[in-house]
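Okay, structure first, notes after.
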Amino acid sequence: MDRKFKRTLVTCALPYANGPVHIGHLAGVYVPADIYVRYLRMRGEDVLYVCGSDEHGVPITIKARQQGCTPQDIVDQYHRIIKDSFSGLGINFDIYGRTSSDVHDRNASGFFRKLYDEGKFVTRESEQYYDPEAKTFLADRYIVGTCPKCGAEGAYGDQCEKCGSTLSPEELINPKSKLSGAEPVKKKTTHWYLPLDQYEKWLSEWILDGHKEWRSNVYGQCKSWIDGGLQPRAVSRDLDWGVPVPVEGAEGKVLYVWFDAPIGYISNTQELLPQSWEKWWKSEDTKLVHFIGKDNIVFHCIVFPSMLKAYGDGYILPDNVPANEFLNLEGDKISTSKNWAVWAHEYIKDFPGKEDVIRYVLTANAPETKDNDFSWKDFQARNNSELVAIFGNFVNRAVVLTHKYFDGKVPACGELQDIDREALGEIPALRESLEKNIEGYHFREALKDAMSIARVGNKYISDTEPWKVAKTDMERTGTILNVCLQICADLAIAFEPFTPFAAERLRNMLGVSIFAGYDHRAGEQETVNTYKAGEGMAIHTVSASCEDAQCGVGTDESILTWSRLGDSDLLPAGHQLNQAELLFAKIEDEAINAQLSRLDAIRAEREAAAKAEAAKTVTPQKEECTFEDFQKMDIRTATVLEAERVPKTDKLLKLSIDTGIDKRTIVSGIAEFYSPEDMVGKQICILANLAPRKIRGIESRGMILMARQNDGKMRFITPAEVLSNGAEIG
């Protein structure tokens, strides 16, 4: 049986403040976390929702250098953009803090100092790559070179994005600094390390034995790390931006961002609740859940827990770490550096009023167990065929018909027929599945459950046809519409976690409000807490602590709560509805084509840049040959007399040429670059004394001289002026 907790602390991975958030971030972390938190709040549970910007590290200093400003300017800019993006999509944290705050600086410093004073670190001197021009040590990500596995240019010091291989800077061929282009050199430096190997046995017992219920991708990655043997990990870096290492002799060193950032969860909680933060971090009655992407699994499941274990003092460990896989965009990996993304702040501007649509689509396509793909056509189809045609269509018909036949008042429910009981009877089972899926972190399946409620309603109103029944039996019409409106109220509850803006519009139509959770942002209160009852509705107070107030939730019949989902009397007879409004609007091809055109332009620009870069690359010089070797080659001018494609081949042309010595045939693999018509009359250079060779049954005597750049295209080597055939080149 699952353990019962008094409260739940939910954290989201701190987004890095060197750029905006995109749909990959939203699908991987923030939308599923928001669904979970909204659900718990509606159940009356005491929840704290914590996040903030991760504002330290090398990428921020690089961005500042590129833009000619300070690192603080960069983090201020992107902190604001990210925070506004979350708010614009209805992702409302109790606190959205930042790791550049004074509270965090003191907290992270104190955390390090305690571990340092207790001898929990090991000190190591090592040689690390250093940029002599930029005068800075280089993180692995800022060393690029040729991949030793696949030969791709531009591989990073930690990974090749083309073949996916994990690398180290030492493995790169011809490594260069991404900052200056200079060749990095090794330079000695001293750092402090957290000896993860000392916590290996404890981690194995805690995770591998104690948390087999975690998602397979999370559990599997943890097992792989632990089985492979954990190694000490540096907690400091040579950098001038970040939390300074608070020990003597550590000038020019800051806390490594992975050590610094997770402490930000604690700092942000302290900033919001300076008097009572410890009950959220040091009480066994608190359930801690980290929502992260798969690239953060090792930090949240192995590193951060080891830090808390080393620190002691009663810090709790995560009960679950639901990490999603990655989301691709139109078949390609999302890449911030290549601008291959759908940015949250741009989406809000391009699709005003459709904040719920992106939440819905990202949940429906959530990469919960494997990488998944976002496409604009699927986005459009799900909006038009599901949100508009099923959910929105049902609600609109139910409310409009109620206004038409009953002046907008909920009609009385008469005697129920089998079709009515069947429709209403489906809701409790869907609610049970919905709850099980959300509590098991299966949000994609949970969304299907919620939409199934809308499908039940849409089918019911289509099957019962109240617009026809109204011609002969108004009492029966009232019963049908009463059932429809009860299902509408169910939808106002069930869709609150997934599409909160539409759920709110629906509640406004129905003239009801909803219990949306206690408001910790109102400040610390020992005996009185507030909770939201919806936009434009009153803020209610409950006399008790949050965790003890749950018994009072739902005593007001005008407030919808999760516990009432599936009740058949959510809207009493005679209750006045407000005017109908569309929950969702169709998305036309024009809007989708504009997004696809933008991506096409980015892809074309990227491909052109890649070709241009490749064209600059020169193939390394071959082995030396002697002058005598060169003299053996008989290179001459010749003219093409006839040309034709070699049957059943894509690349071969059969050329009849005049060498000045004779007329001969050469078979050449140039058909993908030149047509037969292009070749006739062209003067070329050939290697005349190459031994004959049969190609597709045709004797080829000689070889055409051509040049190939790294863009792959072949080009002829031709004389600058027309020469007589057979002129020797040498």
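The values are calculated or read from the model by the stated rules, or taken from the named source; none is laboratory data. Source: prediction; values computed, not measured. Cβ sites come from the backbone with ideal geometry, for glycine too, and all protein chains shown count toward neighbours. Just so you know, the surface numbers come from the protein's heavy atoms only, side chains and all, with ligands and any DNA or RNA stripped out. Shrake-Rupley method; radii C 1.70, N 1.55, O 1.52, S 1.80 Å.
Considering only DSSP states other than H, G, I, E and B, which trypsin sites (Lys or Arg not before Pro) in the range 361-391 qualify as loop sites with at most 14 other Cβ atoms within 10 Å? Write out the running numbers ahead of the final one.
Working: sites: Lys370, Lys377, Arg382; in loops: Lys370.
Sites meeting the loop and neighbour criteria: Lys370.
Counting other Cβ atoms within 10 Å, keep those with at most 11, restrict to DSSP loop, and tell me which GluC sites (Glu not before Pro) in the range 203-310 are left.
Details: sites: Glu205, Glu213, Glu248, Glu251, Glu271, Glu278, Glu284; in loops: Glu213, Glu248, Glu251, Glu284.
Answer in residue order: Glu213, Glu248, Glu251, Glu284.
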Per 5 angstrom bin, beginning at 0 and ending with the bin that holds the maximum distance, the Cα pairs of the range 220-265 fall in percents of 5, 20, 19, 17, 16, 10, 10, 3, 0
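From the square roots a ≥ b ≥ c of the eigenvalues of the alpha-carbon gyration tensor of the range 1-140, which class results: rounded (a/c under 1.5), prolate (a/b over b/c), or oblate? Write down the numbers at each step before the final one.
Details: a/c = 2.45, a/b = 1.43, b/c = 1.71.
Verdict is oblate for the range 1-140.
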Order by accessible surface, 1.4 Å probe, largest leading, for residues His25, His211 comes to His25, His211
Of the candidate values (1) 33.5, 108; (2) 27.9, 93; (3) 32.3, 99, the one computed for Rg and Dmax of the Cα atoms in Å from this structure is (1)
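In a shell of Cβ-Cβ distance under 10 Å around Asn383, excluding Asn383 itself, what net charge do Lys and Arg (+1) and Asp and Glu (-1) give?
Working: positive: Lys354, Arg382, Lys586; negative: Asp356, Asp378, Glu386.
Local net charge: 0.
Pairs of alpha-carbon atoms within less than 8 angstrom and 6+ residues apart define the contacts here; what relative contact order does the range 1-83 have, in percent?
Working: 79 pairs, mean separation 34.1, N = 83.
Reported as a whole number, the value is 41 percent.
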Between Ser375 and Arg106, the two model label points (7 Å from Cα along the beta-carbon direction) sit apart by a distance in nm of 5.4 nm
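Where does the charge balance sit around Glu248 when Lys and Arg score +1, Asp and Glu -1, over other residues with C-beta under 13 Å from its C-beta? Don't skip to the answer; put the middle values down first.
Working: positive: Arg113, Lys253; negative: Asp117, Glu251.
Residues near Glu248 contribute 0 overall.
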Taking a probe of 1.4 Å and leaving out DNA, RNA and ligands, the chain shows per residue an accessible area in Å² of 46 Å²
For the range 463-508, the Debye formula with one identical point scatterer on each Cα and no solvent gives log10 I(q)/I(0) at q = 0.18, 0.23, 0.25 Å⁻¹ as -0.60, -0.73, -0.77
For Lys253, the lysines lying under 16 Å Cα to Cα, once residues fewer than eight places off in the same chain are dropped, come out as Lys135, Lys187, Lys188
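Net charge near Ile717, counting Lys/Arg +1 and Asp/Glu -1 over other residues with Cβ under 13 Å of its Cβ?
Charge balance in the 13 Å sphere: +4.
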Sorted by chain and number, the residues with a modelled amide H under 5 Å from that of Val47, at a separation of 5 or more or across chains, are Thr8, Tyr518
Computed curve, the range 632-712, Cα-only Debye sum without solvent term, log₁₀ I(q)/I(0) at 0.15, 0.18, 0.21 Å⁻¹, is -0.50, -0.72, -0.98
With the 8 Å Cα cutoff and a minimum separation of six or more residues, the chain has a relative contact order in percent of 13 percent
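So, with a 1.4 angstrom probe, what is the percent of accessible area on the chain that is carbon and sulfur? Numbers along the way, then the final one.
Numbers: 15730 of 33260 Å².
C and S fraction of accessible area: 47 percent.
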With 0.36 nm assigned to each residue of separation and the Cα-Cα distance removed, Glu161 to Ile316 gains 52.1 nm
